[in-house]
Amino acid sequence: MDRSLINRLSRNITLLTVGNPKIVKSLGEGYATAGLSLAPAWESGHNTCPNHSTACSAACLNKAGRGAMRNVQEARIRRTKMFFEARGHFIDHLNADIYQFCKNARELGMKVALRLNILSDIRWEREGIMKRWPDIQFYDYTKIPNRKNLPSNYKLTFSFSGNNLDACRKALANGMGVAVPFLDALPETWLGHKVIDGDANDLRFLDPTPCIVGLRAKGPLRKLPQSPFLGNNHAV
């Protein structure tokens with residue numbers, strides 16, 4: 001990780017995060033990517049993941065890596081409470097961060113991509129963010145099926161949760177990518193579709209769709225080899 005580059009991209013932004021290990025891989029593809037880390041599920045007292053399952057909660061990366069630090073958890077909870085309890089202030093603050101991040105990235109000659117659900121599953125299309133920034137590529141993973149009226153600059157990848165195989169099939173039929181975690185090696189196909197390596201980078205809007213976005217198990221999921229959240233444990 002080029003720490004000096006991360007520092008330049010992070011200059012004067014406070015809500016968005018640039019150093020997430022997954023999204024930082026996008027730097028090698030010419031994209032400066034920033035993400036928003038809210039507290040997942042009910043961690044803040046507000047539910048940010050309406051379709052979370054017991055399996056995905058057990059495998060959540062919320063407390064993996066730097067997430068295990070108390071100050072990181074407290075910051076995620078503060079942001080989440082601001083979103084739910086002072087929505088107008090939060091959106092103004094987020095828009096200011098987006099403006100500054102774009103400025104930082106473009107000074108470095110980089111393209112911009114934003115992922116506003118690092119750990120959450122908020123319907124951002126309802127908040128007017130994408131429409132305000134039509135020249136920026138937004139993307140997210142979601143477990144909420146049939147999200148409609150998405151802006152053209154917002155690409156969603158559906159996520160397998162251990163108990164939503166039918167929804168995954170429908171997402172694939174509708175031309176979406178579906179993210180599935182696997183223990184160790186990725187299979188060639190799953191649900192009859194090609195599996196691509198989703199760990200190579202986080203730029204899901206560049207994926208050939210429909211496809212399966214294979215993700216190698218990380219964090220607590222590696223200690224749960226029988227978890228239904230793993231694609232390995234389903235005969236498809």
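Taken together, the values in this text are just the output of simple stated rules run on the coordinates, not laboratory data. In this text the structure is predicted, and so the values were computed from the model without any measurement. Here Cβ is always computed from backbone atoms with ideal geometry, including for glycine, and neighbour counts include all displayed protein chains.
With bins 5 Å wide starting at 0, give me the P(r) of segment 1-79 over every alpha carbon pair, in whole percents.
The percentages, shortest bin first, are 3, 14, 22, 22, 19, 12, 7, 2.
Points 7 angstrom from Cα along the Cβ direction at ASP166 and ASN146: gap in nanometres?
Going from the ASP166 label point to the ASN146 one covers 1.1 nm.
What is the Rg over Rh value, at two decimals, for segment 155-200, using alpha-carbon atoms and the Kirkwood definition of Rh?
0.93
Given H placed 1.01 Å from N in the peptide plane, which residues other than close sequence neighbours of ALA179 have an amide H under 5 Å from its amide H?
When sequence neighbours closer than 5 places are left aside, the close amide H contacts are PHE158, SER159, PHE160, VAL213.
For helix 70-85, report the angle its Cα long axis makes with the longest principal axis of the Cα atoms of the chain; keep it between 0 and 90° and round to the nearest 10°.
Approximately 80 degrees, to the nearest 10.
Return the Rg/Rh ratio of segment 25-172 with Cα-based radii and a Kirkwood Rh.
Numbers: Rg = 15.7 Å, Rh = 16.4 Å.
Rounded to two decimals, Rg over Rh is 0.96.
Which value at 222 nm does the chain reach when only helices count, each DSSP H run of 4 or more adding -39,500 (n - 2.57), with the total divided by all residues and rounded to the nearest 500 deg cm²/dmol?
The helix contribution divided over the chain gives -8000 deg cm²/dmol.
For segment 62-110, report the translational diffusion coefficient in µm²/s to the nearest whole number, using Stokes-Einstein at 20 °C, 1.002 mPa s, and a Kirkwood Rh over Cα pairs.
Values: Rh = 12.5 Å.
Using the Kirkwood radius from Cα pairs, D works out to 171 µm²/s.
Roughly how tilted is helix 87-107, in degrees to the nearest 10 and between 0 and 90, from the longest Cα axis of the chain?
The two axes meet at around 90 degrees.
At a Förster distance of 41 Å, what's the computed FRET efficiency of HIS89 paired with GLN226, Cβ-Cβ distance as r, to 0.05?
Efficiency, rounded to the nearest 0.05: 0.40.
Give the lysines whose C-alpha is closer than 30 Å to that of LYS131, dropping any in the same chain fewer than 8 places away, or say none.
Partners within reach: LYS22, LYS25, LYS81, LYS103, LYS111, LYS143, LYS148, LYS155, LYS170.
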